[in-house]
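J.: Sharing a structure with you now.
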Amino acid sequence: MQFETAQLAMTASSLTVPEVHAHYLNSGGFFDELEVDAYLHGLTPLPREERDCIAQAVNELIDDLLAVGMADHPPRASYSRPPALRAAAATPVPAFRRLVG
């Protein structure tokens, strides 16, 4: 499950729920800290976009730790889709081209 990889990455990096939640909100997430904490413990589902936003927040915080030498390549949080599919879904240009094509 996706929440398990996020929780594992957080534990390995000593990231806290408040840290991840703050970064998640700054990245466009809108669920409150209690809902994010419940998701990370497998107690409540979240929409795919929100799960990916949490994964992105965890991975960016890990990148920050790696940049200052505070982590030794911990596991990463997984996404619901591979990066290429996430990027394609985020850009309307391919869909527009299919419409006018």
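The values are calculated or read from the model by the stated rules, or taken from the named source; none is laboratory data. None of the values given here were measured: they were computed from a predicted structure. Cβ atoms come from the backbone with ideal geometry, glycine included; neighbour counts cover every protein chain shown.
J.: Hey, can you tell me all the residues within the stretch 4-38 that are buried (at least 16 other Cβ atoms within 10 Å of the Cβ), within 12 Å of the chain's Cα centre (by Cα) and more than 16 Å from Pro74 (Cα to Cα)?
T.: The answer is His21, His23, Tyr24, Leu25, Gly29, Val36.
J.: Next question. Report those helices (runs of 4 or more DSSP H) wholly inside the stretch 22-90 carrying at least 2 residues which are out of contact with any His (no Cβ under 9 Å at 6 or more places or on another chain), modelled with pLDDT under 95 and over 14 Å from Thr5 (Cα atoms). Before you say what the answer is, go through the steps one by one.
T.: Numbers: elements: 33-40, 48-67, 83-90.
It comes to 48-67, 83-90.
J.: Also, quick follow-up: Of all residues being within 15 Å of the chain's Cα centre (by Cα) and of a type in the set (S, T, N, Q) in the stretch 40-76, which is nearest to Ala12 (Cα to Cα)? Just the residue, please.
T.: Asn59
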